[in-house]
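A short write-up of the structure that comes next.
Only the coordinates and a few stated rules stand behind these numbers; no lab work does. Quantities reported herein were computed from a predicted structural model and do not represent experimental measurements. As a convention, Cβ positions derive from the backbone with ideal geometry for all residues, glycine included, and neighbour counts pool all protein chains shown.
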Amino acid sequence: MATQKRARTRTFHEAGQTLTLHDRGTHHELMIGHVPILTSAVLGTERDFGRLAGKLSVSDAPRVLVGGLGFGSTLRGVLESAGAAARVIVVEKLATLVRLMRGELAHLAEGVLEDPRVTVLRDDVAAVIGRERDLDVILLDVDNGPEWASFDTNARLYDEEGLRAARRALRPGGSYAVWSGYPADAFLSQLRAAGFQPLAVELREKGRVQARAYVGTRP
């Protein structure tokens, strides 16, 4: 009788949080406390979310800010679509995740962190957005959606002031997008109130809608 591979678990502590990495044999999961925040089992919607950078950009040499490194799939989609002259800033709050993606989980990212177009910042994405200007695209994949923040401090990314800060950080015609694992169509009204032209984009995995991108374009 075949024996099932036992999951390997590692625990890390950072910023007052307990992070647990589970190696399930077929995929990896990262949890904060008892809440799963990342899984490598399903990454297609994140990759397609990243590919929006090429569709949304109005420049041949776009400046793209990606909020959240995750397992590297959103970043990979950006690099596939944004062109050779793109400059991509990836903002990741967790030093543990950056170390994992440069180390034992590097195979998940397929070398994207070594791409010369990429700069990785260990910082709070709201702070980075607040000091940036003339970005072409902002892609936020730091939470499960605009109503479900992994960190309490992330909630300010989606409130009125946070959206206006994102609008200031974009050049005219630039776009801001949020990945969401659940329907959050009320967020379209918030984008409109902040001065964006809003749009919802369905993201499919294996033929089914598994996530959405909520996009706001600065007129």
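Of the two radii for segment 83-122, the radius of gyration is 0.98 times the Kirkwood radius, both from the alpha carbons; that is the Rg over Rh value.
The antiparallel fraction among DSSP beta bridges confined to segment 42-217 stands at about 45%.
Oblate is the label for segment 104-161, because a/c, from the alpha-carbon gyration tensor with a ≥ b ≥ c as root eigenvalues, is 1.5 or above and a/b does not exceed b/c. Sorting Asp143, Asp23, Asp185 by the number of Cβ atoms found within 10 Å of their own Cβ, with the fewest placed first, yields Asp185, Asp23, Asp143.
Stokes-Einstein diffusion for segment 1-97, with the hydrodynamic radius set to the Kirkwood value over Cα pairs and evaluated at 10 °C in a medium of 1.306 mPa s, equals 105 µm²/s. Looking at segment 133-219, what % of its DSSP beta bridges pair antiparallel, to the nearest 5? Among the beta bridges of segment 133-219, antiparallel pairing accounts for roughly 75 percent.
Taking +1 at the Cβ of each Lys and Arg and -1 at the Cβ of each Asp and Glu, which of Gly72, Tyr158, Val58 sits farthest along the dipole of segment 42-217 towards its positive end, judged by Cα position relative to the Cα centre? The residue sitting farthest along the positive end of the dipole is Val58. Packing-based ranking of 117-124, 36-43 yields 36-43, 117-124, ordered from highest to lowest mean Cβ neighbour count within 10 Å. Basic side chains Lys and Arg get +1 at the Cβ, acidic Asp and Glu get -1 at the Cβ, and with that the dipole of segment 42-217 about its Cα centre reaches some 320 debye.
Taking the fewest neighbouring Cβ atoms within 10 Å as the starting point, the ordered list for Phe71, Phe49 is Phe71, Phe49. Counting only DSSP beta bridges with both residues in segment 1-141, the antiparallel share comes to about 55 percent. Sorting Met101, Met31 from the fewest to the most surrounding beta carbons within 10 angstrom yields Met31, Met101. In terms of overall dimensions, the chain has a Cα radius of gyration and Dmax of 17.0, 63 angstrom.
Close amide H pairs (under 5 Å, H built 1.01 Å from N) link Val90 with Val66, Thr119, Val120, Leu121, residues at least 5 positions away or on another chain. Only Cα pairs under 8 Å and 6+ residues apart enter the sum, and on that basis the relative contact order of segment 19-154 stands at 25 percent. Using the Cβ-Cβ distance between Ala95 and Glu147 with R0 = 25 Å, the FRET efficiency computed as 1/(1 + (r/R0)^6) comes to roughly 0.40.
With contributions of -39500 (n - 2.57) from each DSSP H run of at least four residues, the per-residue ellipticity at 222 nm computed over the chain stands at -7500 deg cm²/dmol.
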